[in-house]
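Structure, as structure tokens:
Only the coordinates and a few stated rules stand behind these numbers; no lab work does. Every value quoted in this text rests on a predicted model; they were computed, and no experiment measured them. Cβ sites come from the backbone with ideal geometry, for glycine too, and all protein chains shown count toward neighbours.
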Amino acid sequence: MQQIQSAVVYDGLPISSGGAHGLGRTSVHDAFSSWRGFLESCTVTDDVSYYFHLPHTPELEPARKTVREIRKAFPAKGHRFPVPQDRIREALDLLASLEPLPTNPWGMAPVWLSADGAVRLKTPAGDIWPHQRPTAFGAFETPTGVSLGISRTSLHIEAKRSMGLRLSIPEATDDDLATLIPWLQDHLPFRLSPNHWTRWTLTKNGHTYRPHRLTP
């Protein structure tokens with residue numbers, strides 16, 4: 001199969017900046033609605049999962065009562081408490097009832113409600129952007145873990161609210177980006193960074209892809 005020549009990648013924020021875009025002071029339900037609004041306007045969702053989890057939080061353990069409430073409503077599987085899609089509103093209500101969440105000296109909470117999944121981008125006209133499949137790029141993955149041909153997003157609601165976004169846009173030209181990026185921005189609850197765009201182009205020997213930084 002002939003590989004696609006290029007893809008433009010938006011790689012969100014680095015781990016040093018939390019790995020996700022902060023959503024500011026917003027309610028549990030508003031944070032979720034903003035994220036879902038972006039998905040419904042700009043993407044086709046392929047595989048989104050919802051779950052509570054209790055990440056290791058230095059100097060702070062979740063209250064036993066809180067853990068019991070989560071476990072009763074959403075039984076654990078491994079280290080997560082999966083939330084069926086048709087019960088996400090119930091999960092949001094539960095998290096809201098637990099607020100204000102306790103935090104440690106670094107502002108970290110011991111209880112998170114998260115969502116994560118693969119999406120396919122639409123065009124501003126509402127069509128699905130072509131060639132969004134990893135096989136079109138020989139399953140190439142960038143050093144930071146972005147698979148060309150796959151876009152992903154995440155939402156994390158705890159004491160803070162944040163959204164992760166990794167976009168892979170096959171064969172996007174500069175003219176395409178001039179239209180696409182403002183359209184995406186209009187539907188996002190945070191400001192896209194101009195410093196995290198890269199065009200990955202297939203090498204002449206067809207064995208790998210090379211990066212070129214963009215400032216759209």
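When the chain is treated as a GNM, springs tying every alpha-carbon pair under 10 Å, which of LYS72, LYS122, LYS160 comes out with the largest mean-square fluctuation? Result: LYS72 has the largest fluctuation of those listed. Counting only alpha carbon atoms, the long axis of helix 174-187 and the longest principal axis of the chain meet at about 20°. Give the angle, between 0 and 90 degrees and rounded to the nearest 10, that separates the Cα long axis of helix 28-42 from the longest principal axis of the Cα atoms of the chain. That works out to roughly 20 degrees. Average 1/r across all pairs of distinct alpha carbons in the chain, invert it, and you get the Kirkwood radius: 18.6 Å. Selection among PRO143, GLY126, SER34 by position relative to the dipole of region 1-155 gives SER34 as farthest towards the positive end (Cβ unit charges, Cα centre). Relative to the compact-globule estimate of 2.2 N^0.38 Å, the Cα radius of gyration of region 1-92 comes out at 1.41. Charges were assigned to the Cβ only: +1 to each Lys and Arg, -1 to each Asp and Glu. The resulting dipole of the chain about its Cα centre is roughly 480 debye. Taking every C-alpha pair closer than 8 Å and separated by at least 6 residues, the mean separation divided by the residue count of region 152-216 gives a relative contact order of 21 percent.
A simple packing score, the average count of other Cβ atoms within 10 Å per residue, orders the peptides 145-157, 186-198, 165-177, 101-113 as 145-157, 165-177, 101-113, 186-198, with the highest score first.
Relative to the longest principal axis of the Cα atoms of the chain, the long axis of helix 64-73 lies at roughly 60 degrees. Annotation for region 134-171 versus region 43-95: alpha-carbon center distance of 22 Å. Find the relative contact order for the chain and round it to a whole percent, using C-alpha pairs within less than 8 Å whose residues are 6+ positions apart. Relative CO of the chain lands at 33 percent.
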